[in-house]
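The values are calculated or read from the model by the stated rules, or taken from the named source; none is laboratory data. Just so you know, these numbers come straight off a predicted model, no measurement behind them. Glycine also receives a Cβ, built like all others from the backbone with ideal geometry; neighbour counts cover every protein chain displayed.
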């Protein structure tokens with residue numbers, strides 16, 4: 001009887017302590033790591049959400065840009081930080097799902113083991129786009145053209161192992177065509193090459209494609225995600241275009257070091273979802289061609305596991321390996 005009472009008393013003390021931790025949190029500034037350089041989409045979204053979090057918590061939320069190795073540098077710093085709620089990470093698809101296969105065991109952290117998922121932020125579909133001189137008005141016609149000229153057509157990407165490179169390889173595999181990949185040092189140079197006629201096709205970001213398509217400098221054929229983009233409502237998906245089950249998008253999620261107390265996970269999750277769904281952040285996401293999709297931590301954990309499997313297959317198809 002006495003042992004049971006002591007156990008119950010200990011449990012109540014532990015629950016009370018956890019509640020006190022959550023109530024007091026945060027007591028100082030939070031570091032929000034962005035694993036890419038300032039100015040890009042990841043940085044823009046990180047800063048927009050950081051501002052809203054700072055207002056909610058009445059504490060500074062400081063964006064810390066730690067670029068390098070395709071997002072691995074900043075992600076490693078986050079993974080090895082204390083799990084106390086004072087370090088969180090804005091992580092795109094690369095460090096959480098692509099890089100474990102792309103870097104072939106050379107990563108010093110494991111996304112499944114070393115992070116506590118908080119929420120998905122948004123998905124960003126990409127667009128299959130061609131130069132206007134390519135004589136195909138839709139995906140079906142483009143596939144027929146590629147099959148008639150095996151190894152003759154080209155497509156560009158932002159570099160080996162980039163999401164648009166891998167989606168290009170997934171498209172080739174699904175369509176059963178042979179198209180030559182030409183990597184560039186970023187999506188911008190690849191788009192310039194496409195508009196100049198150096199490339200026949202590329203997989204582009206929605207904002208740049210929408211702008212150039214409206215000016216008739218490129219032709220948008222299909223969206224890589226499962227549903228059409230609000231920025232390009234007249235462009236069908238690859239599923240609608242005859243490639244059933246094709247669903248590949250870039251995405252952003254927020255995670256923290258594994259082992260964080262559940263009350264802090266819950267508090268962070270609640271405030272992050274509010275911030276992401278605020279009109280200010282929604283506006284920035286829309287500008288970047290992103291579609292908001294928040295989740296519970298448990299849903300994000302399942303999503304990450306499935307995405308790791310999907311992108312591992314894409315990396316295998318591409319043959320890309322990075323040191």
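Quick notes
- Residue 58 falls short on exactly one of the conditions (1) at positive phi; (2) modelled with pLDDT under 90, and that condition is (2).
- Taken across region 7-22, residues that are modelled with pLDDT of 95 or more, within 18 Å of residue 269 (Cβ to Cβ), crowded, with 16+ Cβ neighbours inside 10 Å and assigned by TED's automatic domain parsing to the domain that holds residue 255 do not occur at all.
- Residue 126 closer than 27 Å to residue 97 by Cβ and touching a residue at least 40 places away in the same chain (Cβ under 8 Å): yes
- Helices (runs of 4 or more DSSP H) wholly inside region 212-323 containing at least 1 residues that are under 27 Å from residue 102 (Cβ atoms): 279-287, 297-318
- Residue in region 240-261 that is buried (at least 19 other Cβ atoms within 10 Å of the Cβ), touching a strand residue (DSSP E or B) at 6+ places or on another chain (Cβ under 6 Å) and over 18 Å from residue 91 (Cα atoms) present: yes
- Residue match in region 293-313 (condition: farther than 16 Å from residue 91 by Cα, under 14 Å from the mean Cα position of the chain (by Cα) and touching a residue at least 12 places away in the same chain (Cβ under 8 Å)): yes
Every residue, every condition in (1) touching a helix residue (DSSP H, G or I) at 6+ places or on another chain (Cβ under 9 Å); (2) modelled with pLDDT of 95 or more; (3) crowded, with 19+ Cβ neighbours inside 10 Å, yes or no:
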position	(1), (2), (3)
222	yes, yes, yes
227	no, no, no
276	yes, yes, yes
287	yes, no, no
311	yes, no, yes
319	yes, no, no
322	yes, no, no
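- Out of 85, 70, 74, one residue alone is in contact with a helix residue (DSSP H, G or I) (Cβ under 7 Å, 6 or more places away or on another chain), at pLDDT 95 or above and not assigned by TED's automatic domain parsing to the domain that holds residue 212. It is 85.
- Residue count for region 174-184, restricted to those that are surrounded by fewer than 19 Cβ atoms within 10 Å (Cβ to Cβ) and either touching a strand residue (DSSP E or B) at 6+ places or on another chain (Cβ under 7 Å) or more than 16 Å from residue 148 (Cα to Cα) (or both): 5
- Residue match in region 156-169 (condition: more than 22 Å from the chain's Cα centre (by Cα) and outside any strand (DSSP E or B)): no
- When 207, 189, 233 are screened for being out of contact with any helix residue (DSSP H, G or I) (no Cβ under 8 Å at 6 or more places or on another chain), modelled with pLDDT under 90 and surrounded by fewer than 23 Cβ atoms within 10 Å (Cβ to Cβ), only 189 passes.
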